[in-house]
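One structure below.
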Amino acid sequence: MRADKEKVTRLLKTARGQIDGILKMIEQDRYCLDISHQVLATESVLNRANKEILRAHLEGCVVEAVEQGNEQEKIDEIMGLLDRLMG
């Protein structure tokens, strides 16, 4: 993995902490919208971590593949990911 490991790790640990907090909120029968807001906040942190990982992939692996003439494989990988993102 070529992404900034410290940054990605920090973001993922933040998300893990948020998930633990959401579970406590559920156990405490907290207000549904408060729980939903925390879920959205956690999704945002996970999305930031994923963007870091994907940026590093594009700047590293994809550029390297293009330089070596193997870009089609990377294009297919990215298209597969986009299919999953877009449903």
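The values are calculated or read from the model by the stated rules, or taken from the named source; none is laboratory data. What you are looking at is a predicted structure, and each value in this text was computed from that prediction instead of being measured. Using ideal geometry, Cβ is built from the backbone for each residue, glycine included, and neighbour counts are taken over all protein chains shown.
Being among the aliphatic types (A, V, I, L, M) and out of contact with any helix residue (DSSP H, G or I) (no Cβ under 8 Å at 6 or more places or on another chain) is the requirement here; does Val63 meet it?
Numbers: among the aliphatic types (A, V, I, L, M): yes; out of contact with any helix residue (DSSP H, G or I) (no Cβ under 8 Å at 6 or more places or on another chain): yes.
Yes.
Of the residues making up the stretch 52-70, those that are surrounded by 13 or more Cβ atoms within 10 Å (Cβ to Cβ), within 18 Å of the chain's Cα centre (by Cα) and not aliphatic (A, V, I, L, M) number 5. Restricting attention to the stretch 1-20, the residues that are among the small types (Gly, Ala, Ser), surrounded by 15 or more Cβ atoms within 10 Å (Cβ to Cβ) and at pLDDT 95 or above total 1.
Within 17 Å of the chain's Cα centre (by Cα), at pLDDT 95 or above and either surrounded by 12 or more Cβ atoms within 10 Å (Cβ to Cβ) or closer than 22 Å to Lys5 by Cβ (or both) - does that describe any residue in the stretch 21-37?
Step one: of the stretch 21-37, the residues within 17 Å of the chain's Cα centre (by Cα) are none.
Looking through the stretch 21-37, none of the residues is within 17 Å of the chain's Cα centre (by Cα), at pLDDT 95 or above and either surrounded by 12 or more Cβ atoms within 10 Å (Cβ to Cβ) or closer than 22 Å to Lys5 by Cβ (or both).
Pairs are defined by a Cβ separation below 9 Å, a sequence spacing of at least 6 or placement on different chains, a first member in the stretch 27-40 that is touching a residue at least 24 places away in the same chain (Cβ under 8 Å), and a second member that is part of a helix (DSSP H, G or I); no pair meets this definition.
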